[in-house]
2 protein chains.
Amino acid sequence: MKTYRYEENPIITPEDVVPHREDFEVIGAFNAGVAEYNGEILMLLRVAERPISDDPSIVKAPIFNAKTNKLEIIRLSADDERYDFTDPRTIRYAGEPDSFAYLTSLSYLRLARSKDGRHFHIEPDPFIYPSRDLETYGIEDPRITQIGDTYYIYYSAASSVGVGESLVSTKNWQNVTYHGMIFAPENKDVLIFPEKINGKYYALHRPVPKSVGSPEIWLAESDNLLYWGNHKHLIGLRPGKWDDGRIGGGAVPIKTDKGWLELYHGASTDHRYCMGAVLVDLEDPSKVIARSEFPLLEPEADYEVNGFFGNVVFSCGAIVEGDVVKMYYGVADTSMACVELSLQGILDSLFTMKTI
Amino acid sequence: MKTYRYEENPIITPEDVVPHREDFEVIGAFNAGVAEYNGEILMLLRVAERPISDDPSIVKAPIFNAKTNKLEIIRLSADDERYDFTDPRTIRYAGEPDSFAYLTSLSYLRLARSKDGRHFHIEPDPFIYPSRDLETYGIEDPRITQIGDTYYIYYSAASSVGVGESLVSTKNWQNVTYHGMIFAPENKDVLIFPEKINGKYYALHRPVPKSVGSPEIWLAESDNLLYWGNHKHLIGLRPGKWDDGRIGGGAVPIKTDKGWLELYHGASTDHRYCMGAVLVDLEDPSKVIARSEFPLLEPEADYEVNGFFGNVVFSCGAIVEGDVVKMYYGVADTSMACVELSLQGILDSLFTMKTI
């Protein structure tokens, strides 16, 4: 697969972002949702910030208190044996590798605007900031679906009771309406199709079941975007392939002659995140037509391999212009980058199964 | 709390149920949903059957194949070190106590009818049998909400991709319409309120998140019973109390002057299942008014303490006649029993906090 990574990559780094508090530092500006508005390309960045720490014996975890509307800082001793601090993203209970107690940073959503899609101006204030009981650990990885003149923005809402997916909407990128949590925990990586199919809205989602099953992609339907049901399992992990650890939807599905094209992320069991594609039927998105044997994009550039959590390319949005798919993607849980792919090339790769 | 357990308890045992196949044995007839129809009390039993095994060195797991419409039997060697056979209900991967690979029995739903609520006639055939990809490991723990002349039956649907909650409906207890999976994995213990509240349907549900959070009770809303959203966390575990391990809704919420009364189950961290109550606001079921400090019912009778999985009382339905709450409940994952409680007594117990 031919890929054209922008010379400007990474197009946004944490150094470009002024922290929203003086006692915090920005450690990530990544996994942005993407939209077009008033002739500009918007990126809704996930900005991750953490309390500045000058004492390496103390690990801090920021938590938003919805009752007081303030951030609180949990302080843990780095040699507290009840905890496992080996994952830079989370603080786990010792001996419980599949779950976490706290996150080491607080994520919120911040807007960046561009005329050319390569050079972005980052707004000085958060666009959506945690504000509810279900968001005390932060909000993450937004996707944006435009339907008519309304932009539906949905993101992971994390708190001590779980990680689910919540929905807001805006028409003007100033006033935002909250619509509640649309997918209950544990769920992430929701993608709402940009139009109704045979009278129904559809979404991809990615439950994380505990007792049985894996982090895989499901399909749901709705008649109002707020309430969802008729859940169906769409695609699963593929042992021995690039996506044998976890998968989840990436960009909003792209309508093509051949079907709805979804750019999704797949991680291997050793946490290497790549991007691939799955094609589903135009009339019945529960029918899978084809799926990438090999990744369309994998971590190769230095900024993709090295960072806060390295070896990650993770897209939450793309802009399509003719045959050009401008896939914006987070790199190494740190920065943003963009790659151009050929739409026809992606489709061809799905059918020839020769993607390298 | 004064309790009147029926002299006939257990009112149905596995010995009362003829297996649906000659090569299978019934190991459980429990956790029944309850309804009233044509002057009779119906119990929709969860019947668990397993392949008869005469070789203790082989552990068998039944799986429904939705493509061939046949049951298949997985055979595992009892000394296969990849597996952990210590839980009689499940076959786990060794070293992974929070998840399972297979179930040791296949559950389906079977109807029992009674004139007096104490003596039941069990229908000879399954009423709802696994029939779909999402039901290959069986269907479990039905609840029944009557709205008008329609009975909405919802149950846990288990398969290798997860355990979610699916919905069917019937008007005559003969023809059944399937409405799909209404709560995606991992979810169980769904209860649909029996009427709209301020124009919306409400349900309790019990997600099981993996990364963060516990098996706790959430609230969702709907306008058509098929699609659900606006998920809110309702009540959580209470460390050190009887419900500090896992909780989930039990019977369909009962409308009282004081609020909607939900009889729910709570298990301690050592898997002792009791029944208690939570009262939520009549107009806004997201507002919790009161909750049992102590169980209303706990495993004490021999048939509650001993069985396939002992120390369990687990209700999926109750009939209310005046002040009398006839709470039907599964015991020890084996049989069915019934206890009568005073509705006023339950409400009083919630406010005085003296429930023993």
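Straight-line cross-link partners of A:LYS241 among the aspartates and glutamates, defined as a Cα under 14 Å from its Cα and at least 8 positions apart when in the same chain: A:ASP270, A:GLU293, A:GLU298.
Highest mobility in the GNM of chain A, judged by mean-square fluctuation with C-alpha springs under 10 Å and restricted to A:ILE91, A:ILE27, A:ILE247, is found for A:ILE91.
Remind me, relative contact order of segment A:224-348 in percent, using alpha carbon pairs under 8 angstrom and six or more residues apart? Can you show the working numbers first?
Numbers: 275 pairs, mean separation 21.5, N = 125.
Dividing the mean separation by the residue count of segment A:224-348 yields 17 percent.
Pairs from the table (B:LYS200/B:LYS287; A:LYS188/B:LYS70; A:LYS70/A:LYS188; A:LYS188/B:LYS171; B:LYS171/B:LYS196) lying more than 27 angstrom apart at Cα are A:LYS188/B:LYS70; A:LYS188/B:LYS171.
Each residue of segment B:101-117 was assigned a 3J(HN,Hα) from its phi angle through the Karplus curve 6.51 cos²θ - 1.76 cosθ + 1.60 (θ = phi - 60°); the sequence is 9, 9, 9, 7, 9, 10, 9, 9, 10, 9, 8, 10, 10, 8, 8, 9, x Hz, with glycine and proline shown as x.
Residues considered: A:LYS210, A:LYS287, A:LYS188. Largest GNM mean-square fluctuation over chain A, using C-alpha springs under 10 Å, is found at A:LYS210. Panel order for B:HIS179, B:HIS231, by other beta carbons found within 10 Å of each beta carbon, from fewest to most: B:HIS179, B:HIS231. In this assembly of identical copies, the label point of B:PRO239 (Cα plus 7 Å along Cα-to-Cβ) is separated from its counterparts by 4.0 nm, sorted shortest first.
Calculate how steeply helix B:343-352 sits against the longest principal axis of the alpha-carbon atoms of chain B, using the helix alpha-carbon long axis, and give the answer as 0 to 90 degrees to the nearest 10. Roughly 80 degrees, rounded to the nearest 10. With a cut-off of 9 Å between beta carbons, the residues surrounding B:GLU49 carry a summed charge of +1, where Lys and Arg count +1 and Asp and Glu -1. DSSP loop (so not H, G, I, E, B), at most 13 other Cβ within 10 Å: list which trypsin sites (Lys or Arg not before Pro) in segment B:290-356 pass both filters. Answer by residue number: B:LYS354. Out of the DSSP beta bridges found with both residues in segment A:136-277, what percent are antiparallel (nearest 5)? The answer is about 100 percent antiparallel. Once C-alpha pairs closer than 8 Å and six or more residues apart are averaged by separation and normalised to the residue number of segment B:31-161, the relative contact order reads 26 percent. Our summary of shape: the Cα atoms of the protein assembly as shown have principal axis extents of 80, 56, 50 Å, ordered from largest down, in whole angstrom.
DSSP bridge analysis restricted to segment A:229-356 gives an antiparallel fraction near 95%, rounded to the nearest 5.
Close amide H pairs (under 5 Å, H built 1.01 Å from N) link B:HIS20 with no residue at least 5 positions away or on another chain. For A:CYS274, the shell of other residues with beta-carbons less than 9 Å away shows a net charge of -1, using +1 for Lys and Arg and -1 for Asp and Glu. Our summary of shape: the Cα atoms of segment A:73-158 have principal axis extents of 51, 26, 21 Å, ordered from largest down, in whole angstrom. Can you grab the distance from the C-alpha centre of segment A:150-182 to the C-alpha centre of segment B:1-50, Å, no decimals? With segment A:150-182 and segment B:1-50 each reduced to a Cα centre, they are spaced 44 Å.
Here each label is just a point 7 Å from Cα along the line to Cβ, and for A:ILE122 and A:VAL305 those points are 2.5 nm apart.
The magnitude of the dipole of segment B:4-353, with charges of +1 and -1 set on the Cβ of Lys/Arg and Asp/Glu and taken from the Cα centre, is near 860 debye. For chain B, relative contact order (Cα pairs under 8 Å, six or more residues apart, normalised by length) works out to 16 percent. Amide H contacts for A:ALA277 (H built 1.01 Å from N in the peptide plane; partners 5 or more residues away or on another chain; cut-off under 5 Å): A:TYR264, A:SER292, A:LEU296. Could you tell me how far the Cα centroid of segment A:270-295 sits from the Cα centroid of segment B:229-288, in Å? The two parts, judged by their Cα centres, are 40 Å apart.
What length, rounded to one decimal in nm, is gained on full extension from B:TYR6 through to B:ASP281, with 0.36 nm per residue of separation minus their alpha-carbon distance? Don't skip to the answer; put the middle values down first.
Details: separation 275, 0.36 × 275 = 99.00 nm, distance 3.17 nm.
Here the segment from B:TYR6 to B:ASP281 would lengthen by 95.8 nm.
All other residues with a Cβ under 13 Å from the Cβ of B:GLU7 taken together, and with Lys, Arg as +1 and Asp, Glu as -1, what is their net charge? Mind dumping the intermediate values first?
Details: positive: B:ARG5, B:ARG118; negative: B:GLU8, B:ASP116, B:GLU340.
In short, -1.
Build a GNM of chain A with springs between Cα atoms under 10 Å apart, and of A:VAL26, A:VAL47, A:VAL331 the one that fluctuates most is A:VAL26.
Over the C-alpha trace of segment A:1-85, radius of gyration and Dmax come out as 17.6, 53 angstrom.
Of the GluC sites (Glu not before Pro) in segment A:14-116, the ones in a loop by DSSP (not H, G, I, E or B) with at most 15 other beta carbons within 10 Å are A:GLU22, A:GLU81.
Where a ≥ b ≥ c are the square roots of the eigenvalues of the C-alpha gyration tensor, would you call segment A:102-225 rounded, which needs a/c under 1.5, or, failing that, prolate if a/b is larger than b/c, or oblate? Before the final figure, lay out each step's value.
On the way: a/c = 1.80, a/b = 1.13, b/c = 1.59.
Verdict is oblate for segment A:102-225.
Straight-line cross-link reach from A:LYS67 at under 19 Å between alpha-carbon atoms covers these aspartates and glutamates, not counting any fewer than eight positions away in the same chain: A:ASP133, A:GLU135.
Hey, what's the Cα Rg ratio for chain B versus the globular rule of thumb, 2.2 N^0.38 Å? List each step's numbers first, then the result.
Values: Rg = 19.3 Å, N = 356, 2.2 N^0.38 = 20.5 Å.
That ratio works out to 0.94.
Rounded to the nearest 20, the size of the Cβ-charge dipole of the protein assembly as shown about its Cα centre is 1040 debye, with Lys and Arg at +1 and Asp and Glu at -1.
Values quoted throughout were computed directly from the atomic coordinates according to the rules given, and no laboratory measurement underlies them. Just so it is clear, the model here is predicted, and its values are computed rather than measured. With ideal geometry, Cβ positions are generated from the backbone for all residues, glycine too; neighbour counts draw on all protein chains shown.
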